[in-house]
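The values are calculated or read from the model by the stated rules, or taken from the named source; none is laboratory data. All values derive from a computational prediction rather than experimental measurement. Reconstructed Cβ throughout: ideal geometry from the backbone, glycine too, with neighbour counts over all protein chains shown.
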Number of protein chains: 2
Amino acid sequence: MSLSNQQKKFVKSLQLKKNRIKYNLFLVEGEKIVEELLNSDFEVVGVFATKDWSGSFIGSLTEVSEQELASISTLKTPNNVLAVAKQKQQQLSNNFSKPIIALDTIQDPGNLGTIIRTADWFGMNNIVCSESCVEMYNPKVVQATMGSIFRLNIVFTSLIDFFKENEHLQVYGALLDGKNCFTTTLHSDNSVLLMGNESVGITPKLFPYIHEKIAIPKFGHAESLNVAIATSILCAEFVK
Amino acid sequence: MSLSNQQKKFVKSLQLKKNRIKYNLFLVEGEKIVEELLNSDFEVVGVFATKDWSGSFIGSLTEVSEQELASISTLKTPNNVLAVAKQKQQQLSNNFSKPIIALDTIQDPGNLGTIIRTADWFGMNNIVCSESCVEMYNPKVVQATMGSIFRLNIVFTSLIDFFKENEHLQVYGALLDGKNCFTTTLHSDNSVLLMGNESVGITPKLFPYIHEKIAIPKFGHAESLNVAIATSILCAEFVK
């Protein structure tokens, strides 16, 4: 079975957010991440692969040439396989032994994806994103997670509502004037690590919900850290 | 003075590595980073700015329209100013009180730029890159450093030669089978933190120069960490 024009047009349409929402689908690319998708509980609705792909898919597969794959791919260097999967409404798990990561208006897809990947490394399973964050099914987010997107519980909601409904959680906010994270005792149990936007930080309207402000001390001259870097250094401090 | 076709063509040509090398120049974009450039000891050879730019440049400036700026910019959303600066041959400083970061074949410009920015935050001034790393004057590297590129000493050389010439330095290599970095004593003085390529890690031919293997322990399920994230977590462990 080879690629029809209609399939090509449909798959390409999923590069746009409005179509991903309309059809409730998203794109997953590359051997490693598609393998993780196939091992996950996400539903796969289509697989387009070159004859070089040796993946473990047993459903119906569309064999494509390298040129055809390039024509539907979002990558500069397509990597043998592209899958179309169904989006999933997620819920947080009840296991609050490690902090929930709360993200306020993270807009760069690489940052969101990298944070998801790092959270997965450290066994932090719950991420709450403000509705102003970049969409989690953006292909660049999916790519940067390296497959961790299929393992974590990621919900999008109003952070204010979330904090109001979860008053028992200890909220740590990453702010430049916070306490030194390396010398403060950080409680992993029933806690939240709140990280703010790339340029403006945490929205002031969230300040009332923060119980403790923490910061990564600066020893040199850079004005700030990248938000995925800061999140990761703080995650390490919580779990180690 | 407005933008001539010749200027436009020349500035655009610097988007390519071969021309950056040929003319020994590179591009710097955006208000924040250009400001850092002007405060650095890098030589500025041209500034192209819209009338909205309120920077502190006292040399000769070419005023451009937003459309003209967009036509020479590498950014999706150009930010008022683009400068052309002279590349600089750099040397490591003699202050070895914090680890030198050695990078083996880091190929993603965002990763290299982010590592430079984080190193600057933690006051680590020396970075040694293998010649197989992405070029430091790549516009995406410059952008991701957020200006830290003008403050650090960054050299490109054979890592084997570097290790041979600096036998007194204690080399820590980040490897999956290394000792837990959170429980190992890490010596900042006269040491090197060696990080490997995004997909294949440290080249085996560098193994003989590693004195201690260190790793960030995994508590969850991701197969690996992004290299800029791993470098940053390890930098934090060294300096804190």
So A:Thr184, is it over 30 Å from A:Asn39 (Cα atoms) and under 22 Å from the mean Cα position of the chain (by Cα) | no
Taking segment B:1-45, which residues are on the phi > 0 side of the Ramachandran plot and buried (at least 18 other Cβ atoms within 10 Å of the Cβ)?
-> B:Gly30
For segment A:156-173, state whether one or more residues are under 25 Å from A:Gly110 (Cα atoms) and among the charged types (D, E, K, R).
-> no
Test result for B:Ala222, among the aliphatic types (A, V, I, L, M) and assigned to a loop (DSSP other than H, G, I, E, B) | yes
Could you give every pair whose Cβ atoms fall below 6 Å, whose first residue belongs to segment A:217-230 and is at negative phi and more than 7 Å from chain B (Cβ to nearest Cβ), and whose second residue is modelled with pLDDT under 95 and surrounded by fewer than 23 Cβ atoms within 10 Å (Cβ to Cβ), counting only separations of at least 6 or pairs across chains?
-> A:Val227/A:Glu198
Determine whether A:Ser199 is of a type in the set (Gly, Ala, Ser) and touching a residue at least 12 places away in the same chain (Cβ under 8 Å).
-> no
By residue number, the members of segment B:5-27 that are in contact with a strand residue (DSSP E or B) (Cβ under 9 Å, 6 or more places away or on another chain) and either among the small types (Gly, Ala, Ser) or in contact (Cβ under 8 Å) with a residue 24 or more places away in the chain (or both) are B:Gln7, B:Val11, B:Leu14, B:Gln15, B:Arg20, B:Asn24, B:Leu25, B:Phe26, B:Leu27
Only listed residue being of a type in the set (A, V, I, L, M, F, W, C) and in contact with an Asp or Glu (Cβ under 9 Å, 6 or more places away or on another chain), chosen from B:Leu175, B:Leu206, B:Leu169, B:Leu193 = B:Leu206
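Yes/no per residue for (1) in contact with a strand residue (DSSP E or B) (Cβ under 9 Å, 6 or more places away or on another chain); (2) under 18 Å from A:Ala236 (Cα atoms); (3) assigned by TED's automatic domain parsing to the domain that holds A:Leu16:
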position	(1), (2), (3)
A:Ile106	yes, no, no
A:Gly113	no, yes, no
A:Gly123	no, yes, no
A:Val128	yes, no, no
A:Met146	no, no, no
A:Ile154	yes, no, no
All positions within segment B:67-81 that are surrounded by 13 or more Cβ atoms within 10 Å (Cβ to Cβ) and over 19 Å from the mean Cα position of the chain (by Cα) | B:Glu68, B:Leu69, B:Ala70, B:Ser71, B:Ile72, B:Ser73, B:Pro78, B:Asn79, B:Asn80, B:Val81
Restricting attention to segment B:112-133, does a residue exist that is in contact with a helix residue (DSSP H, G or I) (Cβ under 6 Å, 6 or more places away or on another chain) and at positive phi?
-> no
Residues of segment A:204-217 being part of a loop (DSSP other than H, G, I, E, B) and either surrounded by 16 or more Cβ atoms within 10 Å (Cβ to Cβ) or at pLDDT below 95 (or both), in sequence order, are A:Ile210, A:Ile216
Residues of segment A:76-130 being of a type in the set (Phe, Trp, Tyr) and in contact with a Cys (Cβ under 7 Å, 6 or more places away or on another chain), in sequence order, are A:Phe122
Is one or more of the residues making up segment B:55-63 of a type in the set (A, V, I, L, M, F, W, C) and assigned by TED's automatic domain parsing to the domain that holds B:Ala174?
-> no
Among the numbered conditions (1) buried (at least 16 other Cβ atoms within 10 Å of the Cβ); (2) farther than 28 Å from B:Ala119 by Cβ; (3) over 24 Å from the mean Cα position of the chain (by Cα); (4) not charged (D, E, K, R), tell me where A:Val192 comes up short.
-> (3)
Considering only residues of segment A:46-64 that are among the aromatic types (Phe, Trp, Tyr) and assigned to a loop (DSSP other than H, G, I, E, B), which is surrounded by the most Cβ atoms within 10 Å (Cβ to Cβ)?
-> A:Trp53
Assuming A:Trp121 fulfils every condition listed in (1) in contact with a Gly (Cβ under 6 Å, 6 or more places away or on another chain); (2) surrounded by fewer than 24 Cβ atoms within 10 Å (Cβ to Cβ) apart from one, which condition is it?
-> (2)
Determine which single condition A:Phe238 fails, assuming it passes every other condition in (1) more than 30 Å from A:Lys86 (Cα to Cα); (2) surrounded by 15 or more Cβ atoms within 10 Å (Cβ to Cβ); (3) without any contact (Cβ under 8 Å) to a residue 60 or more places away in the chain; (4) in contact with a Pro (Cβ under 9 Å, 6 or more places away or on another chain).
-> (3)
